[in-house]
Amino acid sequence: MTKPNTANPAVLRWVEETAKLCQPDRVFWCDGSESEKDALIDEAVARGILIRLNQKKLPGCYYHRSTVDDVARSEARTFICVPTSEEAGPTNNWMAPAEMYSKLRGLCAGAMRGRTMYVIPYLMGPLGSPLTKVGLELTDSIYVVLSMRIMTRMGQIAYEHLGQGEDFNHGLHCMLDVNPKNRYIAHFPQDNTIISTSSNYGGNVLLGKKCLALRIGSWLANKEGWLAEHMLILSAESPSGEKTYVTAAFPSACGKTNFAMLVPPPHLAAWKIRTIGDDIAWMKPGADGRLYAINPEAGYFGVAPGTNRRTNPNAMDTISRDTIYTNVALTPDLDVWWEGKTDQPPAELTDWKGNRWTPGSPEPAAHPNSRFCAPMKNNPALAPEADDPNGVPISAIIFGGRRSTAIPLVYQAFNWIHGVYVGACMSSETTAAATGEVGKIRRDPMAMLPFCGYNMGQYFRHWLLLRKRLCVPPRIFYVNWFRRDSTGKFIWPGFGENMRVLKWIVERTHGRADAVETPLGWVPGPRDFDLGGMSGFDPAAMAKAQEIGLEEWRREALTHDDLMLKLYADLPKELLFQRELLVARL
Ligand code: GTP
Ligand code: SPV
Ligand code: MN
């Protein structure tokens, strides 16, 4: 038992109650210090929870391997526990709070016997921001402590922010035996409480991230008049030095981290892109009628596969030190590897399951959802605004998904209501970030399907109503980096080249670029889109990337019905009207 490092009575009471329930051998009050980190790492290494990587190549980096059925978010085991199922809505799993509490109390009773319960105080948001929230996570996982230390502003700073108040999120994480049968990720928005059991995977257990910043966050945002979104935030500085702030919502493993860290191609090298956030944005109308965004996080929990020097050099620099890798592959000299890190795989590896691997092995060496967890301050492209308590004024909101067919590279919505419709109808092929089938098209409204903590129809209404409080609403766009040609190749080269799309978007928000009207929205005309210096991509290829097939789109519009019917009872009528307009234009 270490000594409590706060005198806040509500915190002391809750830790005591939880310790009574879980019965840990020890309670460890984390302070977020360097010496505490070093001691926890030593213990984790000694107990085999972490492997110390090659410190010459990767200083301060460690490796964690999870159990094979605990490698992604478990959406089927994620619950919103509010009094009525209508409030959770048809897109969420629901259970009555009393029933879920009683189930979880049963699972957690005595669950930490022989273990240590760590008390993690943390902030979501920069110090001094009116949007910043305090969380406390009680966990029996050292991996969670060390990861939360990277992902949030963790330690004494959170108690200072909280003072004697009671307004903090109550997070409890019991690893149990990580058996999927007992896995629950349960949210109790009315009590500002999250309980997570029987997992040790990021999105299920780093409770500040998806659970607090998005599910509880969106529920609060709906009540309080702001937005909690699954969005990156970036700053785009033009050659003349003008800064434009942009957010983008893409579903899990669909390109947020990469877009937020984009390095422009040589032809556009005079543009500077800087990262404010790579996964979550909290946004609120400011006194000037603009929409201001902060990134509540302090680190990146990013997808490893596909990351390399060419696709994302800023990420490669970020993860070269102080990083925890999970479920990637190991080289014999304890360096890390994953599919797409180098063109040629090493001759021999230990795969994510701990087995010997060679290039002839049938399975990937790294799990497709293997991840890095790295502090944002390591990012060479970090925007200083990431710490600004006031946030940044957003000029453009981009929606996008992973679609092999039909959806063009970029288009702009006609107005806010149309933009909300376009975001609501987002669809994407499923990825390894969640347990389940990969590559299946599903509706993922605003990339929030797994993260909206209340009724999705009400969420759309909240978006529509927000317009009334904005004098300068962000312009809304839709992108698709993932369209393929008949041979299965991506048509658009993506990554740094996405700067060309971003340039058009930025210029549109300033009224400086032209566009052509189509049934979907405005698209860049032949002279509006900068293809300069691109080898192997000409106007004909661009036409293919931008193609809007009317027959294909009439079928696509019909698929929007799935969502419309599911949400019908709560759907704002404006969106049905938008659908009529789209069908008429087609
Ligand atoms: P979460 O952390 O799960 O929310 O994901 P994310 O949206 O941040 O996705 P991320 O940027 O990590 O990208 C996921 C995968 O898509 C990686 O394998 C990337 O290499 C790949 N990817 C990202 N951008 C592009 C792109 O422009 N084109 C192509 N073809 N692939 C991309
Ligand atoms: C996602 O799945 O969208 C992630 C990773 O960003 S996790 O934190 O595990 O949810
Ligand atoms: Mn995410």
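As a rough footprinting exposure proxy, the listed residues Arg153, Arg26, Arg77 were ranked by other beta carbons within 10 Å of their own, and the order from fewest upward is Arg26, Arg77, Arg153.
Spacing of the modelled spin labels on Lys468 and Asp388, each 7 Å from Cα toward Cβ, amounts to 2.9 nm. For segment 259-268, putting each phi into the Karplus relation 6.51 cos²θ - 1.76 cosθ + 1.60 with θ = phi - 60° gives couplings of 5, 5, 10, 3, 10, x, x, x, 4, 10 Hz, in residue order, rounded to whole numbers and with x for Gly and Pro. Full extension of the segment from Asn308 to Ser85, taken as 0.36 nm per residue of separation minus the current Cα-Cα distance, would add 75.9 nm. In this structure, the amide hydrogen of Ile476, modeled 1.01 Å from its nitrogen in the peptide plane, lies closer than 5 angstrom to those of Ile397, Ala413, counting only residues at least 5 positions away or on a different chain. Listed values for segment 301-312 are Karplus-derived 3J(HN,Hα) couplings in whole Hz (6.51 cos²θ - 1.76 cosθ + 1.60, θ = phi - 60°), namely 10, x, 5, 7, x, x, 7, 7, 4, 7, 6, 8, and x replaces Gly and Pro. Under 5 Å between amide hydrogens, built in the peptide plane, is the criterion, and for Leu172 it picks out Leu138, Ile194, Ile195, Ser196 among residues at least 5 positions away or on other chains.
5 Å is the cut-off here: which amide hydrogens, built 1.01 Å from N in the peptide plane, fall below it relative to Asp322, excluding neighbours closer than 5 in sequence? Those qualifying (amide H under 5 Å, at least 5 residues apart or on another chain) are Gly60, Cys61. If both residues of a DSSP beta bridge must be in the chain, then about 65% of such bridges are antiparallel. By other beta-carbon atoms within 10 Å, ranking Arg371, Arg73, Arg512, Arg469 with the fewest at the front produces Arg512, Arg469, Arg73, Arg371.
With unit charges on the beta carbons (Lys and Arg positive, Asp and Glu negative) and the dipole taken about the Cα centre of segment 301-378, which residue among Asn327, Pro368, Asn378 sits farthest to the positive side? The Cα lying farthest towards the positive end belongs to Asn378.
May I ask you to list the lysines whose Cα is less than 21 Å away from that of Lys272, ignoring any residue fewer than eight positions away on the same chain? Here the lysines satisfying the reach criterion relative to Lys272 are Lys243, Lys256, Lys377, Lys503.
Set the Förster distance to 56 Å, then compute FRET efficiency between His267 and Leu107 from the Cβ-Cβ distance, nearest 0.05. It comes out at approximately 0.50. Taking 0.36 nm per residue of separation and subtracting the current Cα-Cα distance, fully stretching the chain between Asp69 and Ala7 would add 18.3 nm.
Pairs of Cα atoms nearer than 8 Å and 6+ residues apart set the relative contact order; for the chain it is 15 percent. Entry note, segment 120-268: relative contact order of 15 percent, from Cα contacts under 8 Å with a spacing of 6+ residues. When each of the peptides 173-180, 143-150 is scored by how many other beta carbons lie within 10 Å of its residues on average, the order from highest to lowest is 143-150, 173-180. Between the beta carbons of Thr358 and Asn179, assuming R0 = 35 Å, the FRET efficiency works out to 0.65 to the nearest 0.05.
The peptide list 199-210, 271-282, 99-110, 346-357, put in order of mean Cβ contacts within 10 Å with the highest first, becomes 199-210, 271-282, 346-357, 99-110. From the alpha carbon centroid of segment 90-116 to that of segment 399-475 is 31 Å.
Bear in mind that the values in this text are calculations on the coordinates, not laboratory data. What you see is a predicted model, and the numbers here were worked out from it, not measured in a lab. Every residue, glycine as well, gets a Cβ built from its backbone with ideal geometry; the counts of neighbours run over all protein chains shown.
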